[in-house]
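K.L.:
Structure provided below as structure tokens; questions to follow.
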Amino acid sequence: MKISLESLRPCLDGAIPAVVATAAPDGTPNVAYASQVHYVDPEHVALSFQFFSKTRENVLAHPYAQVQVIEPGSFRHFRLKVHYLRTETSGPLFEYMKAQLAGIAERTGMAKVFALRGADIYRVLDIENADPRQQPAPPPPDALLKLRRTLDHLGACDDLAQLADRALAALAHGFGIRHALLAMLDETGGTLYTLASLGYPASGVGAEVALGEGLIGVAARERIPVRINHHTSEYTYHAALCVAAPSSPRIPLPVLANPHSQIAVPLTHGQRLVGVLYAESEQNAFFSHADEDALVVYGRHLAALVVQLAALPDDTEPALAAPPPQPSGPALAVRYFVHDHSVFIDNDYLIKGVAGSILWALLNDYAQSGRRDFCNRELRRDPRLPLPDFGDNLETRLILLQRRLAERCPQIALEKTGRGRFRLELARPLHLDSI
Amino acid sequence: MATPLILTPDQAAFLQGPLSMNVGAVGRDGWPCVSRAQGVIVARDRRTLTLLLSAARGRAVLEALDAGSAITLVASRPATHATLQLKAASATRVATNAAHRTASARCVTAFSDELETLGYGKSVRAALAAILPTDDLVALRFAPEIVFDQTPGPDAGRVLARA
């Protein structure tokens, strides 16, 4: 029976080193360890090119090689006859391999040594099982079943806030994921901001990640899933936080200091990137190839739901609500910085960007006219807000703002009064100051 | 005539340690091939090696060597990633004996012990014993003509000794 390359994906996760045999033009054989043999598609693998090695010299002259990979668990050996085609030095495949190599390098004590120069693409011509009498390793848990359980738990969601929370909670039921976050692409397309998180001491709502920064940023920029199965300091966010300028307010990402497995999956709807789903674990090799497949499907489902929920029309009238409490006590000092729309309350940083400008507009409307009831439709057209055409950015920014207020300044609250409607509630009087 | 290469005592000792070993050759059709080897014996004079591998697993490599291919052996210590590559223009088959089987079993056990220590799990011993049995061993003798340091990193490929 012909062996498919897909069936060898567990051998291609870097758990057990592979070797590659090549021939010099004079017929001298060479065998070397390959740090990374990456599954590209059913007919191709890519090997990491880190140094100008004998292997590379040989394949450039004589493009035929044999790669031996090993199945974790059973230790069955498979030999792949491969034909070198080309080297990629940028783009999605390169970025994925670069991230994975960082994990492999750290595990093998080569963190300062390994750097990816290129992804060498090979066509797989033949696969031989060198241990046909050895039992295969037990199959990994069924990722399709995990996905189905996750979707069952997600259920029907009425609004984006509910979707954001349930999307993460459902992962715990389906995949056993204990740490995850949902980051949405902002209106500039250059930054992602955390909308919801699961399993961290601090929610990190509002924490930002630049496009291309760390695993989340790479997944967003390249629009690819990226999975690392081993601990690597290169793709953790804590190092980046340590060098952030103390003068620029930054909400820390809530992520683990030393994750041993990480996965970031883009949330795409058609051609549009909505955000990134990120999950991590303290265990090595927590996410399989099949988990990656399933989470990619889940990411696309979530993106479609985000777009669909944001497009629902607002309610025409607010629901009747109990009279809000009258502000009392000392005034809260609300300071707004026009250049980055950041808002500080009693000198504590709250939020910036679109969410900051929304809050500033609401508080000013209230100060000038006593108005408390607002609807999203009006805000979308409000010239004071730096919003693009995408409607769901407003929705997600309002959720972000609502959550940051609940965490950092519960004296100011945005209470939902219907679909696309909310009421400003103040427990304390305000002193507004714009700089 | 070139001076025969004599392995250093350290290299000889390394080759008797817990190692992952793979042997390569190039077939008549120009295709390189590789097989896991399961034991190596360094001669007292440190000039020749006797390499042990399974006839079934190493069929392509053995056919290539029978047809006159050069041979390469890569031996790597899993715990340290220290790796040597040794090459020679040819290798000859020698009759296997009980000592070869004992040596192979010892090498496989040492390899299993090392992997178990490194966290590959308790199943590694049974799995390696199953895939590396000593019942169809072939012994290949060759005199290394060049030795490379093949430890992963920018210095991989450095020549350590040449005949």
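The values are calculated or read from the model by the stated rules, or taken from the named source; none is laboratory data. Small disclaimer: the values here were computed from a predicted structure and weren't measured. Don't worry about glycine lacking a Cβ; one is built from the backbone with ideal geometry, like all the others, and counts go over all protein chains shown. To get the accessible areas, we keep the full protein, side chains included, count just its heavy atoms, and leave off ligands, DNA and RNA. Shrake-Rupley method; radii C 1.70, N 1.55, O 1.52, S 1.80 Å.
K.L.:
In the list B:Q85, B:Q11, which residue meets the criterion of being under 25 Å from B:A161 (Cβ atoms), in a helix (DSSP H, G or I) and among the polar types (S, T, N, Q)?
P.N.:
Of B:Q85, B:Q11, the one residue that is under 25 Å from B:A161 (Cβ atoms), in a helix (DSSP H, G or I) and among the polar types (S, T, N, Q) is B:Q11.
K.L.:
Which of the residues spanning the range B:95-125 are surrounded by fewer than 14 Cβ atoms within 10 Å (Cβ to Cβ) and among the β-branched types (V, I, T)?
P.N.:
Scanning the range B:95-125 gives B:T102, B:T117.
K.L.:
Here are the criteria: (1) in contact with a Lys or Arg (Cβ under 7 Å, 6 or more places away or on another chain); (2) within 12 Å of chain A (Cβ to nearest Cβ); (3) of a type in the set (D, E). Tell me which single one B:E116 does not satisfy.
P.N.:
All conditions pass for B:E116, except number (2).
Listed here are the residues, each with its yes/no results for (1) of a type in the set (K, R); (2) open to solvent by less than 40 Å² (accessible area, probe 1.4 Å); (3) within 8 Å of chain B (Cβ to nearest Cβ); (4) outside any loop (DSSP other than H, G, I, E, B).
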position: A:T55; (1), (2), (3), (4): no, yes, no, yes
position: A:V59; (1), (2), (3), (4): no, yes, no, yes
position: A:V67; (1), (2), (3), (4): no, yes, no, yes
position: A:R79; (1), (2), (3), (4): yes, yes, yes, yes
position: A:V82; (1), (2), (3), (4): no, yes, no, yes
position: A:L85; (1), (2), (3), (4): no, no, no, yes
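K.L.:
List, please: which pairs have Cβ atoms under 8 Å, are six or more places apart or on different chains, and start with a residue in the range A:403-415 that is in contact (Cβ under 8 Å) with a residue 60 or more places away in the chain and end with one that is open to solvent by 60 Å² or more (accessible area, probe 1.4 Å) and of a type in the set (D, E, K, R)?
P.N.:
Listed by first residue and then by second, the contacts come to A:R408/A:D348; A:C409/A:D348.
K.L.:
Could you say which residue among B:V40, B:V26, B:V34 is touching a Cys at 6+ places or on another chain (Cβ under 8 Å) and buried (at least 24 other Cβ atoms within 10 Å of the Cβ)?
P.N.:
B:V26
K.L.:
Then there is this: Has the range A:257-277 got at least one residue that is modelled with pLDDT of 90 or more, crowded, with 21+ Cβ neighbours inside 10 Å and farther than 16 Å from A:I216 by Cα?
P.N.:
So far as the range A:257-277 goes, no, none of its residues is modelled with pLDDT of 90 or more, crowded, with 21+ Cβ neighbours inside 10 Å and farther than 16 Å from A:I216 by Cα.
K.L.:
Test B:A130 against the criterion of being free of Cβ contacts under 8 Å to residues at least 40 places away in the same chain, in a helix (DSSP H, G or I) and closer than 28 Å to B:R28 by Cα, and give yes or no.
P.N.:
For B:A130, the condition - free of Cβ contacts under 8 Å to residues at least 40 places away in the same chain, in a helix (DSSP H, G or I) and closer than 28 Å to B:R28 by Cα - is not met.
K.L.:
Let me ask something else. Only residues that are part of a loop (DSSP other than H, G, I, E, B) and within 14 Å of chain A (Cβ to nearest Cβ): list them for the range B:88-102, please.
P.N.:
Those that are part of a loop (DSSP other than H, G, I, E, B) and within 14 Å of chain A (Cβ to nearest Cβ): B:A89, B:S90, B:A91.
K.L.:
Moving on. Counting just the residues of the range B:141-155 that are acidic (D, E) and touching a residue at least 60 places away in the same chain (Cβ under 8 Å), which one comes out nearest to the other protein chains (Cβ to nearest Cβ)?
P.N.:
Quick first cut of the range B:141-155, residues acidic (D, E) only: B:145, B:149, B:155.
Narrowing further to those that are touching a residue at least 60 places away in the same chain (Cβ under 8 Å): B:145, B:149.
Working: B:E145: 10, B:D149: 12 Å.
Looking at the filtered set, the residue picked out is B:E145.
K.L.:
Does the range B:18-39 contain at least one residue that is more than 14 Å from chain A (Cβ to nearest Cβ), part of a loop (DSSP other than H, G, I, E, B), more than 18 Å from B:A89 (Cα to Cα) and in contact with an Asp or Glu (Cβ under 9 Å, 6 or more places away or on another chain)?
P.N.:
First, the residues of the range B:18-39 that are more than 14 Å from chain A (Cβ to nearest Cβ): B:18, B:39.
Okay, now just the ones that are also part of a loop (DSSP other than H, G, I, E, B), so B:18, B:39.
Filter once more, keeping what is more than 18 Å from B:A89 (Cα to Cα): B:18, B:39.
Remaining after also requiring in contact with an Asp or Glu (Cβ under 9 Å, 6 or more places away or on another chain): B:18.
Checked against the condition, which is being more than 14 Å from chain A (Cβ to nearest Cβ), part of a loop (DSSP other than H, G, I, E, B), more than 18 Å from B:A89 (Cα to Cα) and in contact with an Asp or Glu (Cβ under 9 Å, 6 or more places away or on another chain), the range B:18-39 yields at least one hit.
K.L.:
Related question: Let me spell it out: the conditions are (1) in contact with a strand residue (DSSP E or B) (Cβ under 8 Å, 6 or more places away or on another chain); (2) modelled with pLDDT of 80 or more, and A:D392 meets all of them except one. Which number is the exception?
P.N.:
Just one mismatch for A:D392, condition (2).
K.L.:
I'd like to verify a number: residues in the range A:171-190 that are modelled with pLDDT of 90 or more, open to solvent by 30 Å² or more (accessible area, probe 1.4 Å) and more than 22 Å from A:D159 (Cα to Cα), how many?
P.N.:
2
K.L.:
Hey, another quick one. Among the candidates A:I399, A:I351, which residue alone is open to solvent by less than 40 Å² (accessible area, probe 1.4 Å) and touching a Gly at 6+ places or on another chain (Cβ under 7 Å)?
P.N.:
That would be A:I351, the only listed residue that is open to solvent by less than 40 Å² (accessible area, probe 1.4 Å) and touching a Gly at 6+ places or on another chain (Cβ under 7 Å).
K.L.:
Considering B:T72, B:T80, which residue is of a type in the set (S, T, Y) and assigned to a loop (DSSP other than H, G, I, E, B)?
P.N.:
B:T80
K.L.:
So which of A:I351, A:I345, A:I399 ends up being touching a Cys at 6+ places or on another chain (Cβ under 8 Å) and within 20 Å of A:P252 (Cβ to Cβ)? Spell out how you get there, then give the answer.
P.N.:
Values: A:I351 fails: touching a Cys at 6+ places or on another chain (Cβ under 8 Å); A:I399 fails: touching a Cys at 6+ places or on another chain (Cβ under 8 Å).
The unique qualifying residue is A:I345.
For every residue, the table says whether it meets (1) within 10 Å of chain B (Cβ to nearest Cβ); (2) open to solvent by 10 Å² or more (accessible area, probe 1.4 Å); (3) more than 13 Å from A:D120 (Cα to Cα).
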site	(1), (2), (3)
A:S4	no, yes, yes
A:S7	no, yes, yes
A:L12	no, no, yes
A:I16	yes, yes, yes
A:V20	yes, no, no
A:A23	yes, no, yes
A:Y33	yes, yes, yes
A:E43	no, yes, yes
A:F52	yes, yes, no
